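Values quoted throughout were computed directly from the atomic coordinates according to the rules given, and no laboratory measurement underlies them. Fair warning: this is a prediction, and the values are worked out from it, not measured in the lab. Reconstructed Cβ throughout: ideal geometry from the backbone, glycine too, with neighbour counts over all protein chains shown.
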Amino acid sequence: MKNKSQSLVLEERILALENKQRIIAGELKTQLDVTCQALRPSRLITNTLKETFTSIKNEPQIKGNLVEMLLSLGGGYLSKRLLVGKSTSTLKALFGYTVQFLTTKLISKKI
């Protein structure tokens with residue numbers, strides 16, 4: 001008599017553990033899908049850009065530095081294009097890069 005009741009209890013415990021294992025496996029698969037979606041390169045880039053733009057909006061110093069940098073680089077590039085244009089000559093290209101560097105440096109100091 002004890003063997004039958006013990007075997008029934010054992011079977012019930014086995015079934016309960018199997019059900020628990022199925023539930024845990026399902027939760028694990030769901031979490032794996034969520035993690036894979038979060039680690040997709042496009043999501044990582046999007047989240048990084050959102051955080052960056054949020055921090056730029058909230059920090060006026062960063063905003064000022066970004067504008068300063070863009071103006072300096074844009075001014076240097078524009079001066080190079082105006083003075084040299086599209087040149088195939090190595091000396092003209094070198095002169096253009098020098099002008100671009102000096103103009104960028106000058107603008108960044110003035111701002």
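Laid out as a table, the results:
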read-out: Contour minus Cα-Cα distance for Lys92 and Leu28 (0.36 nm per residue); value: 16.8 nm
read-out: MRE, 222 nm, helices only [DSSP H, n ≥ 4, -39500 (n - 2.57), over the chain, to nearest 500]; value: -32000 deg cm²/dmol
read-out: Size of electric dipole in the chain: Cβ of Lys, Arg +1 and of Asp, Glu -1, about Cα centre, debye, nearest 20; value: 540
read-out: Convex hull (Cα only) mean projected area of region 60-111, reported in nm² to one decimal; value: 3.4
